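Here's the structure we're looking at; comments come further down.
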Amino acid sequence: MQKALSEPAVLNWNSVIHKNVRTNDSEPLGYIASEDKGSILILSSGSRVYRVPKQHVEAFDGSQVFLDLAFGEVSRFKIE
């Protein structure tokens, strides 16, 4: 999914709280627990937590958020 350059992937960040997140290779990552000015906090299975910059959100279809990252790339945003 590609967004238009002038159109943000998410217009209302509160609308994505508790929505599921998928990577660009269609792997489920978890769900969005919260958001702040520059990032989203994703809770995943096994108590993994990721803080992903909002710039990596590629699309939102109303029920799921899609990242522009592959599953293997998300680990660099893991919170220890």
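Listed by chain and number, the aspartates and glutamates placed with their C-alpha closer than 13 angstrom to that of residue 54 are 35, 36, 68; residues fewer than eight positions away on the same chain are left out.
The mean sequence separation of alpha-carbon pairs under 8 Å and at least six residues apart, normalised by the residue count of the chain, gives a relative contact order of 30 percent.
A simple spin-label model places pseudo-atoms 7 Å from Cα toward Cβ; at residue 44 and residue 59 they are separated by 2.2 nm. Within the shell of other residues whose beta carbon sits under 10 angstrom from the beta carbon of residue 71, the net charge comes to -2, with Lys and Arg scored +1 and Asp and Glu -1. Pair-distance distribution of the range 13-77: all C-alpha pairs, bin width 5 Å, starting at 0; shares per bin in whole percent are 4, 20, 36, 29, 10, 1.
No value in this document is a laboratory result; all are computed from the given coordinates. Because the structure is predicted, anything quoted here is derived from the model rather than measured. Backbone-built Cβ (ideal geometry, glycine too); neighbour counts: all protein chains shown.
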